[in-house]
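Working notes, structure below.
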Amino acid sequence: MFSEWTRIVSHPVWMVLTLILALVVRLQRRGSWTPRACPVRLRGKTAIVTGANTGIGKFIALDFAQRGARVILACRSEVRGTAAVRDIQQRTGNPNVHLRLVDTSSLESVRRFAARILEEEKELHILVNNAGASGLPRGITADGLDVTFATNHIGPFLLTSLLLDLLKKSAPARIVNVSSFNHQKGEVDFSHLRGENLSYHMDSVYNHTKLHNIIWTNELARRLKGTDVTANSLHPGTVVTEIMRHYNWLLRLIFNLVGFFFLKSSEEGAVSAIYCAVAEETQDINGKYFHSDCSLTLPAPAARDPAIWAKAYEHYERISANPRTADL
Ligand SMILES: NC(=O)c1ccc[n+]([C@@H]2O[C@H](COP(=O)([O-])OP(=O)(O)OC[C@H]3O[C@@H](n4cnc5c(N)ncnc54)[C@H](OP(=O)(O)O)[C@@H]3O)[C@@H](O)[C@H]2O)c1
């Protein structure tokens, strides 16, 4: 019975049909907007992309460099960051691509990074908060924060807050926060920030951080009204990157195999962030959430409630200022 079934599915007709289906699914995953067809140039503009040494972030940085921007790759590894800078410089011919080190899970590192940027940069027009991790083992940082929350949310929140005046001074400017469709499964419980009442089952902590990314973006956008600085969040798609590096080898293998046929490449995953950061049609859009095909879409109900945004933002401010002692 089993061998009969194997004979049927391994028939060339089925194989060709499967390949055609995979191709159709892949093509459908591409949105109508493409960076190549977007003529916007960024000469004279400065952009920061966090987590830009690999995956989605690297292709966002590559696109900005191709458009002539001064691009700062904000990475935690000197070796990986330097390799990415060299590669982007070579591929684009743009020498104005630089590495600045930051570990978003450490508030001290974020403060050091921001201080250096404020010292060195006269202007900042684009900030893409892309760095993020999924499947990290449970842990508490030196600041007393849950490690996934610190990496994916509180670090990026503090980094953005410290650069906000520079962005306002450089307006028009755009802040782009890379969230995830998985925020739909997230919950808002501020005690999570210190790792309390937090389950790591099925990586639910990642989903919570991605929900907080959107809540933060929406309140930030509300506060930025009238400044000509915008803040939007997005889902990049399900993208074959190194995001699965903390999972076991079997899950990684399945993800990569399925991904090869059905999921987005890193280059495709960068598209919705590039759209938010550079497209003319998005220059006045503020406080919205974009789907991976670049369409505007509604986030989960918890991310649509202005009362939650305001309360959450105050929590983020307090906890990034006094991580150990702030009331949650
Ligand atoms: N891939 C997907 O399917 C998917 C779906 C939805 C959302 N996203 C989001 O897309 C963003 C980019 O992810 P990716 O898929 O491109 O994953 P990736 O290939 O693993 O890249 C993640 C980047 O973030 C950096 N990073 C991680 N922790 C950091 C820290 N503590 N400090 C500084 N940088 C840190 C990594 O640096 P190192 O290389 O040094 O570790 C790397 O450059 C993330 O925010 C992720 O949540 C991805």
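FYI, it's all coordinate maths here, none of it is from the lab. None of the values given here were measured: they were computed from a predicted structure. Using ideal geometry, Cβ is built from the backbone for each residue, glycine included, and neighbour counts are taken over all protein chains shown.
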Report task. Would you pull out the residues with amide H under 5 Å of T230's amide H, same chain only if 5 or more places away, H placed 1.01 Å from N? Result -> A173, R174, I175
Query raised in the report: Which value in nm describes the separation of the simple spin-label points at L17 and R86, placed 7 Å from the Cα toward the beta carbon?
Result: 5.0 nm
**Report entry** Residues S191 and R222, FRET efficiency given R0 of 22 Å [Cβ-Cβ distance, rounded to 0.05]
**Finding:** 0.30
Requested in this report: Compute the signed sum of charges (Lys and Arg +1, Asp and Glu -1) over the other residues within less than 14 Å, Cβ to Cβ, of H315.
Outcome: -4
Requested in this report: Over all alpha-carbon pairs in the chain, figure out the percentage whose distance exceeds 34 Å.
Outcome: 22 percent
Query raised in the report: So what does the Cα-only Debye profile of segment 81-158 read at q = 0.13 Å⁻¹, as log10 I(q)/I(0), no solvent term?
Result: -0.50
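Sorting C38, C276 on the 10 Å Cβ count, fewest up front, what's the list?
Arranged by neighbour count, lowest to highest, C38, C276 become C38, C276.
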Report task. Just order 96-105, 318-327 by mean Cβ neighbour count inside 10 Å, highest at the front, would you? Result -> 96-105, 318-327
**Report entry** For segment 157-171, 3J(HN,Hα) per residue [Karplus equation, 6.51 cos²θ - 1.76 cosθ + 1.60, θ = phi - 60°, Hz, x = Gly/Pro]
**Finding:** 4, 5, 4, 5, 4, 6, 9, 4, 5, 5, 5, 5, 5, 9, 3
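Order by neighbour count: W14, W33, W309, fewest other Cβ atoms within 10 Å first, most last.
Fewest to most other Cβ atoms nearby, the residues stand as W14, W33, W309.
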Report summary line: Least to most buried among K122, K45, by other C-beta atoms within 10 Å and fewest first, runs K122, K45
Query raised in the report: When the Cα centres of segment 38-83 and segment 137-169 are compared, how far apart do they sit, in Å?
Result: 20 Å
Report summary line: With +1 at each Lys and Arg Cβ and -1 at each Asp and Glu Cβ, the charge dipole magnitude of the chain around its Cα centre, to the nearest 20 debye, comes out at 680 debye
Report task. Quick one: pull the percentage of alpha-carbon pairs in segment 286-328 with a separation above 12 Å. Result -> 68 percent
Report task. For a quick protection proxy, order the peptides 156-166, 245-255, 191-201 by their average other-Cβ count within 10 Å, most packed first. Result -> 156-166, 191-201, 245-255
Query raised in the report: Using the Cβ atoms and a cut-off under 15 Å, what net charge is assigned to the surroundings of G144, where Lys and Arg are +1 and Asp and Glu are -1?
Result: -1
Query raised in the report: Short version: ³J(HN,Hα) in whole Hz for each residue of segment 73-80, in order, from phi by Karplus 6.51 cos²θ - 1.76 cosθ + 1.60 (θ = phi - 60°), x for Gly and Pro, what are they?
Result: 8, 9, 10, 9, 10, 5, 5, 5
Report summary line: Net charge (Lys, Arg +1; Asp, Glu -1) of residues whose beta-carbon lies under 13 Å from that of V110, V110 excluded, is +2
Requested in this report: Can you pull the one-decimal nm distance between simple spin-label points at E78 and N322, each 7 Å off the Cα toward Cβ?
Outcome: 3.6 nm
